[in-house]
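S.K.: Pasting a structure here, questions to come.
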Amino acid sequence: MQALSVSHRFQAFAARLLLALPDSLQRRLAGGAPVERDGYTLDPQVQHMLAMQRRMRRPRFQDVTVERARREMDVNTWLLAPSTPALESVRDDMFPGPGGPIPVRIYRPRGLAAPAPATVYFHGGGFVVGGLDSHDPVCRILAHEARCVVIAVDYRLAPEHRFPAAADDAVAAFRHVAASAGALGIDPRRIAVAGDSAGGNLSAVVSLETRGDAVRPAFQLLIYPAVDLTMSFPSIRSLGRGSFSRRRRSSGS
């Protein structure tokens, strides 16, 4: 992760303080009234976080270069990241891949006996942004809370690498974990796949592509996965504005 500027560090400190306030104060700072959509009430912390994001006036990804969007993704994540737990070890490595070595980051929580359960994690970011640094806090928390080894995969991104580069890397990384389970100190019967958004898509792809393998994912943790290209579900319309979802950007129109 690139070093955060003094301004970014101050913003991160302030954001964490504000997001720790009681729900009633968070709603008041976010505009007062609860936000209700489709019979559900938006969580006060999420409502406040969205309001802070608007006030920061950070550029939209579609309005900047790919390089800047990637930097913004990393910074935005760290601005809002919670405190992360201490782990036994975090190390970077390389796995063999169809387009060259695939960077990975391996997280091992304290006191975890081998052979341990594991989760192969694929980050989100629309297949264009995101990486090991943007999702480092998520992977640390997942390793600690789920009591498993987490292997984060830095698959190839578009537009430099066209489809199916990301999917090929995801499948190759999972198969390498399965083949190297002993060396990694993990149980091949307890390897999960997980990911958010584009990473959820890749998790589902891995599960489908390895159906005939001796080692298949024990389960999938799909976090708002991109698994429907019709963009026709009611929620894409009702939540297309004022939330993290962007129907116009997602649909490519």
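What follows is calculated from the coordinates using simple rules that are stated; it is not laboratory data. Bear in mind that the values here come from a model prediction, so they are computed numbers and not experimental data. Methodologically, a virtual Cβ is constructed for each residue, glycine included, from the backbone with ideal geometry; neighbour enumeration extends over all protein chains shown.
S.K.: Mind giving me the nanometre distance, one decimal, between the label points for ARG110 and ALA146, set 7 Å out from Cα along Cα→Cβ?
M.R.: Between ARG110 and ALA146, the label points sit 2.1 nm apart.
S.K.: Kindly rank 41-51, 221-231, 119-129 from highest to lowest mean number of other beta carbons found within 10 Å of each residue.
M.R.: On the way: 41-51: 17.4, 221-231: 13.8, 119-129: 23.8.
Descending packing order for the listed peptides: 119-129, 41-51, 221-231.
S.K.: When the chain is fully extended, how far beyond the present Cα-Cα distance does ARG68 get from THR84, taking 0.36 nm per residue of separation?
M.R.: On the way: separation 16, 0.36 × 16 = 5.76 nm, distance 2.58 nm.
Gain in length upon complete extension: 3.2 nm.
S.K.: Quick one: compute the contact order of the chain, relative version, from alpha carbon pairs under 8 angstrom and 6+ residues apart, as a percent.
M.R.: Details: 407 pairs, mean separation 40.4, N = 253.
Once normalised by length, the contact order is 16 percent.
S.K.: Further question on the same structure: I'd like the distance separating the alpha-carbon centroids of region 157-226 and region 134-152, in whole Å.
M.R.: If you average the Cα positions of each part, the centres end up 15 Å apart.
S.K.: Using θ = phi - 60° and the Karplus curve 6.51 cos²θ - 1.76 cosθ + 1.60, what whole-Hz ³J(HN,Hα) does each residue of region 194-203 get, with Gly and Pro shown as x?
M.R.: 8, x, 10, 6, 4, x, x, 4, 5, 4
S.K.: Still on this structure, please answer the following. Counting other C-beta atoms within 10 Å, which of LEU142, LEU19 has the fewest, and how do the rest follow?
M.R.: Values: LEU142 20, LEU19 16.
Ascending number of Cβ neighbours within 10 Å: LEU19, LEU142.
S.K.: Which of PRO137, GLY126, TYR107 sits farthest toward the positive end of the charge dipole of region 89-223, with +1 on the Cβ of Lys and Arg and -1 on the Cβ of Asp and Glu?
M.R.: Going by the Cα projections, it comes out as TYR107.
S.K.: Let me ask another. Among ARG27, ARG105, ARG57, determine the one that fluctuates most according to a GNM of the chain built with springs between C-alpha atoms less than 10 Å apart.
M.R.: ARG57
S.K.: Also, quick follow-up: So what are the ³J(HN,Hα) numbers for region 113-126, from phi and the Karplus equation (6.51, -1.76, 1.60; θ = phi - 60°), rounded to whole Hz, Gly and Pro as x?
M.R.: 7, 8, x, 9, x, 9, 10, 8, 10, 10, 6, x, x, x
S.K.: Moving to a separate point now. Relative to the first principal axis of the alpha-carbon coordinates of the chain, what is the inclination of helix 165-179, with its axis defined by its Cα atoms, in degrees from 0 to 90 and to the nearest 10?
M.R.: 50
S.K.: At 222 nm, what helix-only mean residue ellipticity would the chain give, in deg cm²/dmol to the nearest 500, using -39500 (n - 2.57) for each DSSP H run of four or more?
M.R.: It lands at -12000 deg cm²/dmol.
S.K.: Can you list the equivalent-ellipsoid semi-axes of region 6-82, largest first and in whole Å, using the square root of 5 times each Cα gyration tensor eigenvalue? Before the final figure, lay out each step's value.
M.R.: Working: eigenvalues 121, 53, 18 Å².
Value: 25, 16, 9 Å, ordered largest first.
S.K.: Let me ask something else about it. Out of residues 5 or more away from ALA226 or on other chains, whose amide H comes under 5 Å of its own, with H placed 1.01 Å from N in the peptide plane?
M.R.: SER197, ALA198, GLY200, ASN201
S.K.: Which residue, ALA158, ALA192, ALA178, tops the fluctuation ranking in a GNM of the chain built on C-alpha contacts under 10 Å?
M.R.: For the chain, modelled as a Gaussian network with Cα springs under 10 Å, the answer is ALA158.
S.K.: Could you tell me which residue out of VAL205, VAL35, LEU87 lies farthest along the dipole of the chain toward its positive end? Charges go on the beta carbon: Lys and Arg +1, Asp and Glu -1, centred on the Cα centre.
M.R.: Most positive-ward Cα: VAL35.
S.K.: Give the order of ILE186, ILE102 when sorted by the count of other beta carbons within 10 angstrom, beginning with the fewest.
M.R.: Neighbour counts put them in this order, fewest first: ILE102, ILE186.
S.K.: Still on this structure, please answer the following. Averaging sequence separations of C-alpha pairs under 8 Å and six or more residues apart, then dividing by the length of region 6-82, give the relative contact order as a whole percent.
M.R.: Details: 51 pairs, mean separation 29.7, N = 77.
Answer for region 6-82 is 39 percent.
S.K.: Quick one: order ILE141, ILE191 by neighbouring beta-carbon count within 10 Å, fewest to most.
M.R.: Details: ILE141 17, ILE191 24.
Fewest-to-most Cβ neighbours within 10 Å comes out as ILE141, ILE191.
S.K.: On to the next question. Counting only DSSP beta bridges with both residues in the chain, tell me the antiparallel percent, nearest 5.
M.R.: Antiparallel bridges: around 45 percent, rounded to the nearest 5.
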